[in-house]
Amino acid sequence: MENPVLEAIYKRRSIREFTDQTVDISLLHEIIKTGIWAPSGLNNQPWRFSIIQESQTIKNIAELTHYSHIVSAAQALIAVLLDTETMYDEVKDHQSAGACIQNMLLATEALGLGSVWLGQILKNKIKVNSLLAIDNKYDLMAVLAIGHPLHHNQSSTRKNINEFILQPEEMT
Ligand SMILES: Cc1cc2nc3c(=O)[nH]c(=O)nc-3n(C[C@H](O)[C@H](O)[C@H](O)COP(=O)(O)O)c2cc1C
């Protein structure tokens with residue numbers, strides 16, 4: 001695969017184990033920059049971010065998810081939130097958040113880092129906001145756990161493309 005964008009898309013895997021090497025803040029800013037270059041309806045850019053690198057805060061956030069082992073192992077977290085005061089359309093703003101997060105996942109891959117999109121933690125989104133002293137007008141969309149990958153053994157599967165393309169007889 002010669003094209004770097006296609007390569008990043010196909011090579012990206014959810015990384016859940018990390019080394020203890022710290023992640024430079026400039027890389028976290030680069031990851032966020034790719035997020036804000038995602039498309040958004042009316043170009044309203046409703047996303048907001050919180051960077052968490054302090055180890056005790058990471059531990060405290062780990063307690064708010066079933067996936068505490070993943071969060072604890074991460075060297076950095078980025079919370080992705082929607083500013084409800086900037087939003088204009090529930091569905092479209094959530095779609096924009098998804099595009100933003102996917103850009104960020106691909107950027108971590110391109111930068112030689114690893115990350116995983118954590119959604120289960122959303123059941124405790126109010127507690128996450130409270131722990132980070134973030135006003136609840138910012139609605140948590142995901143927490144990305146980020147670090148240097150411990151290994152590259154992750155594999156994943158997808159169903160065959162034919163299972164997703166509707167045939168004319170299935171469309172009615
Ligand atoms: C909305 C969303 C929520 C997710 N939540 C979690 C999560 O809480 N914990 C986790 O380990 N992975 C989570 N994932 C990652 C998926 O499990 C992963 O993307 C999927 O298994 C495919 O694997 P791949 O990313 O390596 O291709 C989530 C992914 C998405 C898109």
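Structure summary
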quantity	calculated
Complete set of residues in segment 45-68 that are free of Cβ contacts under 8 Å to residues at least 24 places away in the same chain, within 14 Å of the ligand (Cβ to nearest atom) and open to solvent by 10 Å² or more (accessible area, probe 1.4 Å)	Ser68
Residue selected from segment 107-124 under the condition open to solvent by 40 Å² or more (accessible area, probe 1.4 Å) and away from the ligand (no atom under 12 Å from the Cβ), by the criterion nearest to Thr19 (Cα to Cα)	Gly112
Segment 4-56, residues that are small (Gly, Ala, Ser) and under 27 Å from Leu132 (Cα atoms)	Ser14, Ser26, Gly35, Ala38, Ser40, Ser50, Ser55
Options Leu144, Leu150, Leu131, Leu166; residue that is modelled with pLDDT of 95 or more, away from the ligand (no atom under 16 Å from the Cβ) and surrounded by 14 or more Cβ atoms within 10 Å (Cβ to Cβ)	Leu131
Segment 11-41, residues that are over 15 Å from the mean Cα position of the chain (by Cα), surrounded by 12 or more Cβ atoms within 10 Å (Cβ to Cβ) and part of a helix (DSSP H, G or I)	Lys11, Gly41
Matching residues in segment 153-163 - criterion: being open to solvent by 100 Å² or more (accessible area, probe 1.4 Å) and under 25 Å from the mean Cα position of the chain (by Cα)	Asn153, Ser155, Thr157, Arg158, Lys159, Ile161
Subset of segment 5-16 [touching a strand residue (DSSP E or B) at 6+ places or on another chain (Cβ under 7 Å) and of a type in the set (D, E, K, R)]	Arg16
Residue that is more than 20 Å from Val23 (Cβ to Cβ), touching a residue at least 60 places away in the same chain (Cβ under 8 Å) and not hydrophobic (A, V, I, L, M, F, W, C), where the choices are Lys92, Lys127	Lys127
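The values are calculated or read from the model by the stated rules, or taken from the named source; none is laboratory data. None of these values were measured; they are calculated from a predicted model. Cβ atoms come from the backbone with ideal geometry, glycine included; neighbour counts cover every protein chain shown. For the accessible areas, the whole protein counts, side chains as well, though only heavy atoms, and no ligand, DNA or RNA atoms are used. Shrake-Rupley method; radii C 1.70, N 1.55, O 1.52, S 1.80 Å.
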